[in-house]
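See below for the structure under consideration.
The values are calculated or read from the model by the stated rules, or taken from the named source; none is laboratory data. Every value quoted in this text rests on a predicted model; they were computed, and no experiment measured them. Using ideal geometry, Cβ is built from the backbone for each residue, glycine included, and neighbour counts are taken over all protein chains shown. Just the protein is used for accessible areas: all its heavy atoms, side chains included, with ligands, DNA and RNA removed. Shrake-Rupley method; radii C 1.70, N 1.55, O 1.52, S 1.80 Å.
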Amino acid sequence: GEYFIYLLTIMSIMIIVVQGLNVMIGFCGLFSFAQAGFMAFGAYFGSILVTKLPWVPFPLVILIVGIVSASLGVLVGFPCLRLSGFYLAMATFGFSAVIFELIEYFSPLTGGSEGMYVPSATIGNLKIHSIMGIFYLVAVITVITQIAVQHIAKTKTGRAWNAIRDDEIAASSMGIDVQNYKLRAFAFGTFYAGIGGILYAYLLKFLNVNFFSGDMGLSFFLILVVGGIGTIYGPVLGSIFITLLPQILGGAFSQHMSLVYGVILVSFILLAPQGFYGIWSQLILRTKSNDNLLGTIFNLFILNKKGREKYE
């Protein structure tokens, strides 16, 4: 049904936004609280763009919003990245609050507290109105962004990010331009946040600043912790779990989801700090080490050709 497609679309958008946060925190060690603010910026900037220039095609809108969001991320990151740890987190949190206030201040463009309607996505003469059409677009972009993260993690930039995350002083002594690579990580993460914002706007077809200024920023961290910080598929696993959890629990917990999320966050930090991806990795290792029926089935259908040869 349409509601299930809506949930899949929300899940895919969360994967994009949290993947950007994962690059900043998990890959480079930059604790940023501004992802919700940059998502709101991307949503409103893109909506204003397509309202004023309705002839701009959907792919170009995505590219423009991403580039402008990344440029703003660089401008914000240049002074903020001189800080670290708690101070960096508070500085980015303050910037996120500034974005929400600016959205209210420029009410002639953004609609302020009353919100604004978002035109449908267009590709040529084709207007995408249906939820299924938006889902296909979001799904394609999600796959592309995942492939991009997988690729960059294996490059010189990805290795430099990991070195800075592990030991900034040692990375600098090895000749890595720490400030430059930090700005790259910040630009990369905000690029993804802007893209997620405009996709979110296209999905909802209506924007209000309250959609972003509530618990959305904390939910991004929850998704990242539950899925697995610093892993490629952590945001995917976390987004699936956090999106489907309210549907599984039903109406009994609808008024107490903050309590549920708090318990989940504390439980994963204490019991499974590597998230679902860490649990899955441990399951693979234990299954491979145990020569039993479960291990045989796992090797046969999931692992690789060597597992099938062993079975034969």
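For region 85-193, take the alpha-carbon Rg, divide it by the Kirkwood Rh, and send me Rg/Rh. Present the calculation step by step, with values, prior to reporting the outcome.
Working: Rg = 19.5 Å, Rh = 17.7 Å.
Rounded to two decimals, Rg over Rh is 1.10.
Against the chain, whose longest principal axis is taken from its Cα atoms, helix 234-249 shows a tilt of about 80°. Add +1 for every Lys or Arg and -1 for every Asp or Glu among the other residues with Cβ under 10 Å from the Cβ of residue 120, and state the total. Result for the neighbourhood of residue 120: +2. Among the chymotrypsin sites (Phe, Trp or Tyr not before Pro) in region 216-265, none sits in a DSSP loop with a Cβ that has at most 12 other Cβ atoms within 10 Å.
The mean accessible area for residues of the chain, using a 1.4 Å probe and ignoring ligands and nucleic acids, is 51 Å² per residue. Taking the chain as a Gaussian network of alpha-carbon nodes connected by springs under 10 Å, the highest mean-square fluctuation of the residues 143, 56, 263 belongs to 263. What is the angle, in °, between the Cα long axis of helix 257-271 and the longest principal axis of the Cα atoms in the chain? Nearest 10 is fine, range 0 to 90. With both axes taken from Cα atoms, the answer is about 40 degrees. Could you tell me whether region 91-142 comes out rounded, prolate or oblate from its Cα gyration tensor? Rule is a ≥ b ≥ c as square roots of the eigenvalues, rounded for a/c under 1.5, then prolate if a/b exceeds b/c, otherwise oblate. Oblate, since a/c reaches 1.5 and b/c is not below a/b.
Using a 1.4 Å probe over the heavy atoms of the protein chains, calculate the carbon and sulfur portion of the accessible area of the chain as a whole percent.
On the way: 10690 of 15910 Å².
With neighbouring chains kept in place, the figure for the chain is 67 percent.
So what is the relative contact order of the chain, in percent, for Cα pairs below 8 Å that sit 6 or more residues apart? Relative contact order for the chain comes out at 30 percent. Based on Cα atoms of region 1-95, Rg over Rh with Rh as the Kirkwood radius reads 1.04.
Size descriptors for the chain, from the alpha-carbon set: Rg then Dmax equal 20.7, 70 Å.
Counting only helical runs of four or more DSSP H residues, what would the 222 nm mean residue ellipticity of the chain come to if each run contributes -39,500 (n - 2.57) and the total is spread over all its residues? Don't jump to the answer; show the numbers that get you there.
Details: 16 runs with 229 residues, N = 312.
After summing the helix terms and dividing by the residues of the chain, the value is -24000 deg cm²/dmol.
Classify region 118-264 as rounded, prolate or oblate, taking a ≥ b ≥ c as the square roots of the eigenvalues of its Cα gyration tensor: rounded when a/c is under 1.5, otherwise prolate if a/b is larger than b/c and oblate if not. The partial results should precede the final answer.
On the way: a/c = 2.26, a/b = 1.37, b/c = 1.65.
Oblate, because a/c is 1.5 or more while a/b does not exceed b/c.
Does region 43-131 classify as rounded, prolate or oblate by the C-alpha gyration tensor (a ≥ b ≥ c root eigenvalues; a/c under 1.5 gives rounded; else a/b over b/c gives prolate, otherwise oblate)? Because a/c hits 1.5 or more and a/b exceeds b/c, region 43-131 counts as prolate.
Could you estimate the translational diffusion coefficient of region 66-117 from the Stokes-Einstein equation, with Rh from the Kirkwood formula over C-alpha pairs, at 4 °C and 1.567 mPa s, in whole µm²/s?
In µm²/s, the coefficient rounds to 104.
Computed over the chain with a Gaussian network model linking Cα atoms closer than 10 Å, the most mobile of 83, 271, 102 is 271. Please give the solvent-accessible surface of residue 216 in Å², to the nearest 10, using a probe radius of 1.4 Å with every protein chain present. Approximately 20 Å² of residue 216 is accessible to the 1.4 Å probe.
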